[in-house]
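Chemist: Following this message is one structure expressed as structure tokens.
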Amino acid sequence: MTTLRNSRETRQNHRPWQQWTLLAVLVLVAANAVFGGIGLIRNGMGMPDDWLASTPFDSWRLPGVALLVVVALPQLWAAVVVWRGRAHAPTTGLLVGLVLITWIVAQLLILGRTFFLQPVIAFLGLVEAILGVAWSRERGAHTP
């Protein structure tokens, strides 16, 4: 009976590599988005104001708020969902990864400029989406 209970506890405490890796990427992206969002709000982080010429913004404050709302909050929320191992966690990882990629595409379209972090962040969004799908398959769940 003890062996059966220990086996069950081991399975319940086992977190697949996809979950841990997804959690790490979510936390990394969220931390960078919080840092970047606050930095943009406070002082523009040294970003050239002329980059805003083709945008509806006259300062970096609103883009900083958007970074916090569109990227940081969903990434933090997804990290909590993934940490808790909720049934919808793999799908959440997939969706926030796609949102992150969309965010970068929107930046490129609005700014008309590239910054060295954009391909890195887009790649991390792709990694999140792939990990969400891989974890879902591991669980035997269906993804949208």
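Chemist: Report the FRET efficiency, 1/(1 + (r/R0)^6), for A53 and L126, where r is their Cβ-Cβ distance and R0 is 25 Å, rounded to 0.05.
Modeler: 0.25
Chemist: Please give the contour-minus-distance gain from A87 to R113: 0.36 nm per residue of separation, less the Cα-Cα distance, rounded to one decimal in nm.
Modeler: Full extension of this stretch gives 5.5 nm more.
Chemist: By the scheme Lys and Arg +1, Asp and Glu -1, what is the net charge of all other residues having a beta-carbon under 15 Å from that of V81?
Modeler: Residues close to V81 contribute a combined charge of +3.
Chemist: Here's a follow-up. Based solely on its DSSP helices, what 222 nm [θ] is calculated for the chain when runs of n ≥ 4 H residues each add -39,500 (n - 2.57) and the sum is averaged over all residues, nearest 500 deg cm²/dmol?
Modeler: One gets -24000 deg cm²/dmol as the mean residue ellipticity at 222 nm.
Chemist: Mind checking which of A33, V82, L126 is farthest towards the positive end of the chain's charge dipole, using Cβ charges of +1 (Lys, Arg) and -1 (Asp, Glu) about the Cα centre?
Modeler: Of A33, V82, L126, it is V82.
Chemist: When only Cα pairs under 8 Å and 6 or more residues apart are kept, what is the percent relative contact order across the chain?
Modeler: Computed over the chain, the figure is 27 percent.
Chemist: Restricting things to alpha carbons, tell me how big the chain is in terms of Rg and Dmax, in Å.
Modeler: 18.4, 70
Chemist: Check every DSSP H run in the chain and write down those whose alpha carbon atoms cover 27 angstrom or more along the long axis and whose mean Kyte-Doolittle hydropathy is 0.0 or greater.
Modeler: Membrane-span-like by this criterion, though nothing is claimed about a membrane: 17-43, 89-111, 117-139.
Chemist: For segment 47-59, take each phi angle, set θ = phi - 60°, evaluate the Karplus expression 6.51 cos²θ - 1.76 cosθ + 1.60, and give the result in whole Hz per residue in order, putting x for glycine and proline.
Modeler: Taking θ as phi minus 60°, the curve returns 5, x, 5, 5, 5, 7, 4, 8, 10, x, 9, 10, 8 Hz for segment 47-59.
Rule-based calculations on the coordinates, nothing more; no lab input. This is a predicted model, so every value here is computed, not measured. We place every Cβ from the backbone using ideal geometry, glycine too, and count neighbours over all the protein chains shown.
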